[in-house]
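The values are calculated or read from the model by the stated rules, or taken from the named source; none is laboratory data. What you see is a predicted model, and the numbers here were worked out from it, not measured in a lab. A quick note on method: Cβ atoms are made from the backbone with ideal geometry, for glycine too, and the neighbour counts reach across all protein chains shown. Please note that ligands, DNA and RNA were not included when accessible areas were found on the heavy atoms of the full protein model with its side chains. Shrake-Rupley method; radii C 1.70, N 1.55, O 1.52, S 1.80 Å.
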Amino acid sequence: MKPSEIRKSFLQFFEERDHRLVPSSPVVPQNDPTLLFTNAGMNQFKDLLLGNEERDYKRAANSQKCIRAGGKHNDLDEVGKDGRHLTFFEMLGNWSFGDYYKKKAIEWAWEYVLEVLELDRDRLYVTIYLDDDESYQIWTEHIGVDPERVLRLGEDENFWAMGPTGPCGPCTEIHYDLHPEQGEFTFTEDYDEDRINEIWNLVFMEFDRDEDGNFNPLPLKSVDTGMGLERVAMLKAGRDNVFHTNLFTPIFRKLFELVGDDVDRDLDAFYESDNFTDYAVIADHIRTVTFAICDGAQFSNEGRGYVLRRVLRRAVRHGRNLGLTEPFMHRLAMTVVDHYGDIYPELQATGEQAAELIRLDEERFFRNLDRGLELFEDAAERAEAEDRSELSGEEVFQLHATFGFPPDLTEIMAEERGMTIDWEDYETRWQEHRETSRGKDLHADATGVGDWDTIHEGTSDTFLGYDRLEHTTRLNKIRHLDGDDYQLLLAETPFYAESGGQVGDRGTIEAVDGDLTFEVTDTQKSPIGIVHQATLTSGTADGDVLEGEFRAAVDRRHRQKTAANHTATHLLHAALREDISDSIFQAGSLVAPDRLRFDFRHGEALSDEELHRLEGRVNDRIRQRHDVVVEADVDRDRAVDEMGAMAIFGEKYGDSVRVVQIPGESVELCGGTHVDNTGDIAAFRITSESSVGAGIRRIEAVTEEEAFATFDRERRELERLAELFKTDVTNLRDRAESVLEERKELEREVDRLSQKLADRGAKEMLDDAPTVDGITVIAKVVDVSDRDQMLAYADKLRSQLGDQKAAILLGAEIDGKAALACLLTDSVFKEHKIKAGDLINAVASHVDGRGGGRPTLAQAGGANPDGLGNAIAAFEDALKDAL
């Protein structure tokens, strides 16, 4: 069976048994801060398992895209070391939500394995959780598996959890003997995993583990199974390595082309080649990066984006082992898109953009790769010369922070030289670096988990705010935080909780009978309902008054301004796709009452003309006063396929969705609040356009009264500028251009004078220069205003030296800091193997700095300009030491 046939047979098998076929969720988790990536099929059903969500089916099946790199489930370091582990894989799974349980789940799994996959029963083994007697009885008595083939294991092996908190429970696993020819064996807990390979895990979800590690019973018992498509494909192909299946063949063939090899080379011989591991790591990693970027992930230096960057750069390094010296991963990305696009159409929709983002980040790393490899070799050679078998944390940190070398990549390179890393020192330095630069923690705790006082029982997630801004309700729960700060849960609420980039509502909650008033400062979603962050402004939050009715009132002006900005983002998105590129997709947003922020995927900055055109188009649609039409509870397939609604990749959508239309302009799936008519936005003004990451652009804008205020500020600023230039606003541009031309002419004159001074200064330096072993040594502090002038001195010296061998060090104080430049003639580098970077670092300590550069030209900077004289004086001795 081909992998595509296995996938199809699995889904068909369970569809015939009344399971709803559910699309794969994105590999970027939504509304779940406990996960870096979707690591199992059950992630999208977490709320269902917890009893926080209801759907119109109790049985489901799908093929889920999964990534296990970083976090609790992390296979990144294992890829390439054996034939089993992958960072990206497809999980075939079936679920029961309070319907069938252990007996039926085990029966169907066994039936599929034997009758559909036609695996040899004599090669199958089973593991169960230690005290799961029910599963043991089903396997041995009902299914008829030999008890000697059923093994009880502990929590590490047969108790499954999605993460540190959340749904969990005991599991039973089906294993397959890859090598029966090795003879009989006893199935014990120290079995050989390279021979006995897990293929299917059946998890029986019974508990919800909280932050304190307590196991609380779930509202219903559920079944969650997962079988790796790649491993099953391996078995059906008669292989013992997942990379030996045709799931990876298209990537390998493309790599053969890129390295200049025969694209039709014999694969069996290839599998045994010395560099097969390099190919395998690249093939795995490009699937991970491509799927993640297509699902909305971005490269960054924190959290999920940092893990993706590590994955990409590990692959690049393995590519260097194959002789690939230019960016190549983005070309492989399109192979992944072509291979999987029919199964996962989101790849076709965003594949080209994903490839471009990969190319941009890859190019950035390639620019530093050679220098990083060179510095690693220097550090390794220095350690060996000092009889050290360990790289210092400082050396590893500098490779990471300056040249983007992930520490695990440095570790692999160190291991190849028989060296280790001082991880404690590295972690200390990296943590200090993170504390000074990091933003919001990706794994911040979800609001709403802790000790609450229950006033009334019942759910607290009913939102009524689309239709009303005031509502009388009851208080279900209250939690005192500190001072006058509280958190409140209402039975129903008109307050919009922050979601989809739109900030939460503000307003008041006050007792209908009694003196008790809260000012709501924010509204957030949490696992237990909609949480109102509130400050007590009147009365006391205790006693009988808490049991009475409360009037919840949203701040109307706050909501109105926020709604105007939200509708404006839809108009902006439509304008970008219409006027700039139809390949543009949203990559993030912020909708607040005072501003909006829209991030989108695009490889280059927008021109002033393009921004002007966008702003004009949005304002034109505002003046046309289009009605904003909202339709709720629309079938998702109808919304996308028939209505043409745009789904934002990375957002989580249910089977029923809310569609926001601006007829003739925009149709989007959106749960936010909007104005009734585009005319309510009044005006739109772009305030900035910038880059927020490789291939990600950001537009910030304002609407309504903020837009008019911006126009007024800009007008007054123009008037002040006109006054400074002694003209009026009408003639301001002409006057400014005239002044700038005068300035340029003055700068040209300064440059001419600087060149004359450099000529004269260079000649004086040569006249007094000493020699060391036939090398002319020039070391001097020069009076310059910038580094360009200092390098001009160096160029003049080189031109006047002709064919002489020379070593030059120039120093200067520029903007209150020390600047050094070291230049060697080619003959010094080639004959004596001396590098400018080594010389400059030998003296840079005098100015509290470090430097680097090419072998014949290096620069350094330092915080201590008072040390320039000592650095210049030490240069001749540094050259002698190098010789």
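Please enumerate the residues belonging to region 488-530 that are farther than 23 Å from GLN560 by Cβ and more than 31 Å from the chain's Cα centre (by Cα). Working first, answer last.
At the first step, the residues of region 488-530 found to be farther than 23 Å from GLN560 by Cβ are 488-489, 491, 511-516, 526-529.
Result: LEU488, LEU489, ALA491, ALA511, VAL512, ASP513, GLY514, ASP515, LEU516.
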Next item on the list: Please work out which one of (1) touching a Lys or Arg at 6+ places or on another chain (Cβ under 6 Å); (2) modelled with pLDDT under 85; (3) open to solvent by 20 Å² or more (accessible area, probe 1.4 Å) is the condition VAL750 fails and give its number.
Entry: (1)
Item checked: Which numbered condition GLU326 fails, given (1) within 16 Å of LEU258 (Cβ to Cβ); (2) open to solvent by less than 30 Å² (accessible area, probe 1.4 Å) -> (2)
Next item on the list: Look at region 75-94 and say how many of its residues are assigned to a strand (DSSP E or B) and either modelled with pLDDT of 90 or more or surrounded by fewer than 21 Cβ atoms within 10 Å (Cβ to Cβ) (or both).
Entry: 8
Next item on the list: Can you tell me which residue among THR454, THR472, THR459 is modelled with pLDDT of 95 or more, hydroxyl-bearing (Ser, Thr, Tyr) and open to solvent by 10 Å² or more (accessible area, probe 1.4 Å)?
Entry: THR472
Notebook entry, point to check: Do we find a residue being under 28 Å from PRO164 (Cα atoms) and either open to solvent by less than 70 Å² (accessible area, probe 1.4 Å) or at pLDDT 65 or above (or both) anywhere in region 413-420?
Noted result: no
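Restricted to region 798-824, and to residues that are hydrophobic (A, V, I, L, M, F, W, C) and in contact with a Gly (Cβ under 9 Å, 6 or more places away or on another chain), which residue is nearest to ASP848 (Cα to Cα)? Let's see the steps before the verdict.
Restricting attention to region 798-824, the residues satisfying the condition of being hydrophobic (A, V, I, L, M, F, W, C) are 801, 806-810, 812, 814, 818-824.
Of the ones still in play, those that are also in contact with a Gly (Cβ under 9 Å, 6 or more places away or on another chain) are 814, 818-822.
Details: ILE814: 15, ALA818: 9, ALA819: 11, LEU820: 12, ALA821: 15, CYS822: 16 Å.
Here the answer is ALA818.
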Notebook entry, point to check: Would you say THR569 is of a type in the set (S, T, N, Q), part of a strand (DSSP E or B) and in contact (Cβ under 8 Å) with a residue 12 or more places away in the chain?
Noted result: no
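Please give the strands (runs of 3 or more DSSP E) falling wholly within region 128-231 in which 1 or more residues are modelled with pLDDT of 90 or more and not hydrophobic (A, V, I, L, M, F, W, C). I'd like the intermediate steps shown before the answer.
Details: elements: 150-153, 159-161, 166-177, 196-209, 215-228.
In region 128-231, 150-153, 166-177, 196-209, 215-228 are the strands (runs of 3 or more DSSP E) which contain 1 or more residues that are modelled with pLDDT of 90 or more and not hydrophobic (A, V, I, L, M, F, W, C).
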Next item on the list: Being part of a strand (DSSP E or B) and surrounded by 15 or more Cβ atoms within 10 Å (Cβ to Cβ) narrows it down to one of ARG577, ARG597, ARG621, so name that one.
Entry: ARG597
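Considering only residues that are assigned to a helix (DSSP H, G or I) and hydroxyl-bearing (Ser, Thr, Tyr), look in region 281-321 and name the one that is surrounded by the most Cβ atoms within 10 Å (Cβ to Cβ). Please lay out each step first, then the result.
Within region 281-321, the subset assigned to a helix (DSSP H, G or I) is 281-294, 303-321.
Within this subset, residues satisfying the condition of being hydroxyl-bearing (Ser, Thr, Tyr) are 288, 290, 306.
Working: THR288: 29, THR290: 27, TYR306: 16.
The qualifying residue surrounded by the most Cβ atoms within 10 Å (Cβ to Cβ) is THR288.
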Checklist line | Any hit, region 782-789, residues being open to solvent by 50 Å² or more (accessible area, probe 1.4 Å), under 21 Å from ASP881 (Cα atoms) and either at pLDDT below 85 or in a strand (DSSP E or B) (or both) | finding: no
Check: With (1) of a type in the set (Gly, Ala, Ser); (2) out of contact with any Ser or Thr (no Cβ under 6 Å at 6 or more places or on another chain); (3) without any contact (Cβ under 8 Å) to a residue 60 or more places away in the chain; (4) closer than 25 Å to ASP881 by Cα as the list, and ALA779 as the residue in question, which single condition is left unmet?
Finding: (3)
Check: Taking only pairs six or more apart or across chains, which ones have beta-carbon atoms under 8 Å, a first residue in region 677-689 that is touching a residue at least 12 places away in the same chain (Cβ under 8 Å) and crowded, with 17+ Cβ neighbours inside 10 Å, and a second residue that is assigned to a loop (DSSP other than H, G, I, E, B) and among the charged types (D, E, K, R)?
Finding: THR678/ARG625
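Assess whether GLU651 counts as being at pLDDT below 95, surrounded by 18 or more Cβ atoms within 10 Å (Cβ to Cβ) and touching a Leu at 6+ places or on another chain (Cβ under 7 Å).
Values: at pLDDT below 95: yes; surrounded by 18 or more Cβ atoms within 10 Å (Cβ to Cβ): yes; touching a Leu at 6+ places or on another chain (Cβ under 7 Å): no.
Answer is no for this residue.
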Item checked: Which listed residue is within 29 Å of CYS294 (Cβ to Cβ) and at pLDDT 95 or above, from LEU669, LEU611, LEU606 -> LEU611
Next item on the list: Taking GLY671 as meeting all but one of (1) small (Gly, Ala, Ser); (2) open to solvent by 20 Å² or more (accessible area, probe 1.4 Å); (3) outside any loop (DSSP other than H, G, I, E, B), write down the number of the exception.
Entry: (3)
Item checked: Breaking point among (1) surrounded by 22 or more Cβ atoms within 10 Å (Cβ to Cβ); (2) in a strand (DSSP E or B), for ALA844 -> (2)
Notebook entry, point to check: In region 243-268, what count of residues is obtained for those that are among the β-branched types (Val, Ile, Thr) and open to solvent by 30 Å² or more (accessible area, probe 1.4 Å)?
Noted result: 2
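Taking the condition surrounded by fewer than 21 Cβ atoms within 10 Å (Cβ to Cβ), touching a residue at least 12 places away in the same chain (Cβ under 8 Å), hydroxyl-bearing (Ser, Thr, Tyr) and assigned to a helix (DSSP H, G or I), does THR277 pass?
Numbers: surrounded by fewer than 21 Cβ atoms within 10 Å (Cβ to Cβ): yes; touching a residue at least 12 places away in the same chain (Cβ under 8 Å): yes; hydroxyl-bearing (Ser, Thr, Tyr): yes; assigned to a helix (DSSP H, G or I): yes.
Judged against the criteria, THR277 is a match.
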Note to self: Quick check on my filter: what residues within region 375-396 are surrounded by 13 or more Cβ atoms within 10 Å (Cβ to Cβ), of a type outside the set (Asp, Glu) and more than 11 Å from TYR426 (Cβ to Cβ)?
What the structure shows: LEU375, PHE376, ALA379, ALA380, ARG382, ALA383, ARG388
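Report whether or not ILE509 is among the hydrophobic types (A, V, I, L, M, F, W, C) and open to solvent by less than 30 Å² (accessible area, probe 1.4 Å). So that I can check it myself, show each step before the final result.
Values: among the hydrophobic types (A, V, I, L, M, F, W, C): yes; open to solvent by less than 30 Å² (accessible area, probe 1.4 Å): yes.
Here the answer is yes, as ILE509 does meet what is asked.
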Notebook entry, point to check: Under 8 Å by Cβ, and 6 or more places apart or on different chains, what pairs join a residue from region 2-31 that is open to solvent by 90 Å² or more (accessible area, probe 1.4 Å) with one that is in a loop (DSSP other than H, G, I, E, B) and among the basic types (Lys, Arg)?
Noted result: ASN31/LYS652
Item checked: Which numbered condition ALA792 fails, given (1) in a helix (DSSP H, G or I); (2) in contact with a strand residue (DSSP E or B) (Cβ under 8 Å, 6 or more places away or on another chain) -> (2)
Checklist line | region 322-349 - residue that is of a type in the set (Asp, Glu) and not in a loop (DSSP other than H, G, I, E, B) and, of those, nearest to GLN586 (Cα to Cα) | finding: GLU346
Notebook entry, point to check: When you go through (1) more than 30 Å from ARG623 (Cβ to Cβ); (2) small (Gly, Ala, Ser); (3) in a helix (DSSP H, G or I); (4) under 40 Å from the mean Cα position of the chain (by Cα) one by one for GLY679, which number turns out not to apply?
Noted result: (1)
Next item on the list: Taking only region 186-205 into account, find how many residues are open to solvent by 40 Å² or more (accessible area, probe 1.4 Å) and either under 24 Å from LYS102 (Cα atoms) or of a type in the set (Gly, Ala, Ser) (or both).
Entry: 3
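Considering only residues that are of a type in the set (A, V, I, L, M, F, W, C) and either in contact with a helix residue (DSSP H, G or I) (Cβ under 8 Å, 6 or more places away or on another chain) or more than 15 Å from ARG551 (Cα to Cα) (or both), which ones fall in region 478-509?
Step one: list which residues in region 478-509 are of a type in the set (A, V, I, L, M, F, W, C), which gives 478, 481, 488-491, 495, 497, 503, 509.
Selection gives ILE478, LEU481, ALA497, VAL503.
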Notebook entry, point to check: If you go through region 515-559, how many residues are open to solvent by 40 Å² or more (accessible area, probe 1.4 Å) and of a type in the set (A, V, I, L, M)?
Noted result: 1
